[in-house]
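Before any comments, here is the structure.
The values are calculated or read from the model by the stated rules, or taken from the named source; none is laboratory data. Since the structure is predicted, the reported quantities are computational estimates derived from the model, not experimental observations. Every residue, glycine among them, receives a Cβ derived from its backbone with ideal geometry; neighbour counts consider all protein chains shown. All accessible areas refer to the heavy atoms of the entire protein, side chains included, with ligands and DNA or RNA removed. Shrake-Rupley method; radii C 1.70, N 1.55, O 1.52, S 1.80 Å.
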Amino acid sequence: MKVLGIMGSPRIKGNTDLLLDAAFEGAESQGTETEKIVVDRLKIAPCKEYYGCLKDGNCVIQDDMTGIYPKLLAADIVIVASPIFFYNLSAQIKALIDRCQALWARKYVLKLDPPNSTRKGAFIGVGATQGKQLFDGAKLTLKYFFSTIGVKYEDELLIRGVDKKGEIKDYPTALADAQELGIRLARK
Ligand SMILES: Cc1cc2nc3c(=O)[nH]c(=O)nc-3n(C[C@H](O)[C@H](O)[C@H](O)COP(=O)(O)O)c2cc1C
């Protein structure tokens, strides 16, 4: 079993990063292997609509995304962790998702099914405000993304009212809840 965690905040050891680490601790306690992708540290161009992917399912842009496609397709569990930026995922994660148009082409144009549709996906989201619809935009994007890569939206941890770097440590239960999420995902 392998968990791939996509960390979408530019702040290392910020709220998102700490929550993902806690989820990893939970998953690792169940004997699951983990790998974190810090998207902000990578070179991932936004989709340029060259549409080379319609021919063979591969993106013609050569950058760090090339190494991420196989990881997305091989992981048993994919956790996307992101701060809410303007009611959606961070731009770093959105660029990665848009580049998965190549996987969309494989599935819907070339009719090559993604592997094992029993694979699980989860969302860890954190935002500063208490907005009722704070996570709606991100969740809609993620559900469509997960379905494109053959992953079921299985679980989530959504935290409101956390803003400053590392403030999540003062939020009662958040890190424990993230650990629980990791345990649940690894067990299910
Ligand atoms: C560009 C930007 C946009 C943001 N937009 C929102 C927003 O729409 N709603 C919200 O509640 N918080 C918003 N925030 C606050 C972050 O979600 C919040 O600070 C979060 O805890 C950051 O997590 P991190 O430490 O993992 O980066 C925004 C922050 C930035 C920098």
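When region 1-56 is filtered for residues that are of a type outside the set (A, V, I, L, M, F, W, C), closer than 19 Å to Phe85 by Cβ and more than 10 Å from the ligand (Cβ to nearest atom), the ones remaining, listed by number, are Gly5, Arg41, Pro46. Pairs, please: C-beta under 9 Å, at least 6 apart or cross-chain, first residue without any contact (Cβ under 8 Å) to a residue 12 or more places away in the chain and in region 82-97, second among the aromatic types (Phe, Trp, Tyr) and near the ligand (Cβ under 10 Å from one of its atoms)? So the pair list comes out as Ala91/Phe85.
Take the residues of region 2-18 that are more than 13 Å from Asp40 (Cβ to Cβ) and in contact with a strand residue (DSSP E or B) (Cβ under 7 Å, 6 or more places away or on another chain): which is most open to solvent (accessible area, probe 1.4 Å)? It comes out as Lys2. Of all the listed residues (Lys94, Lys111, Lys143, Lys120), the sole one being closer than 26 Å to Glu167 by Cα and not small (Gly, Ala, Ser) is Lys94. Checking each residue in region 107-128 for being open to solvent by less than 70 Å² (accessible area, probe 1.4 Å) and over 14 Å from Ile77 (Cβ atoms) picks out Lys107, Val109, Leu110, Pro114, Gly125, Val126, Gly127, Ala128. Among the residues of region 52-65, those identified as open to solvent by 60 Å² or more (accessible area, probe 1.4 Å) and assigned to a helix (DSSP H, G or I) are Leu54, Lys55, Asp56. I'd like the full set of residues that are assigned to a helix (DSSP H, G or I), within 16 Å of the ligand (Cβ to nearest atom) and more than 14 Å from the chain's Cα centre (by Cα), limited to region 140-177. Within region 140-177, Glu167, Ile168, Lys169, Asp170, Ala174, Leu175, Asp177 qualify. Taking the criterion of being among the β-branched types (Val, Ile, Thr) and not in a loop (DSSP other than H, G, I, E, B), the residues of region 66-93 that qualify are Thr66, Ile68, Ile77, Val78, Ile79, Val80, Ile93. Of the residues screened, Met1 is one that is modelled with pLDDT under 95 and either closer than 24 Å to Leu112 by Cα or over 13 Å from the mean Cα position of the chain (by Cα) (or both). If the condition is being within 16 Å of the ligand (Cβ to nearest atom), surrounded by fewer than 22 Cβ atoms within 10 Å (Cβ to Cβ) and not polar (S, T, N, Q), then region 71-106 contributes Phe85, Phe86, Tyr87, Ala91, Lys94, Ala95.
Remark: pairs (first residue in region 125-141, aliphatic (A, V, I, L, M); second residue in a helix (DSSP H, G or I); Cβ separation under 7 Å; 6+ apart in sequence or on different chains) = Val126/Asn15; Val126/Thr16; Val126/Leu19; Val126/Ile168.
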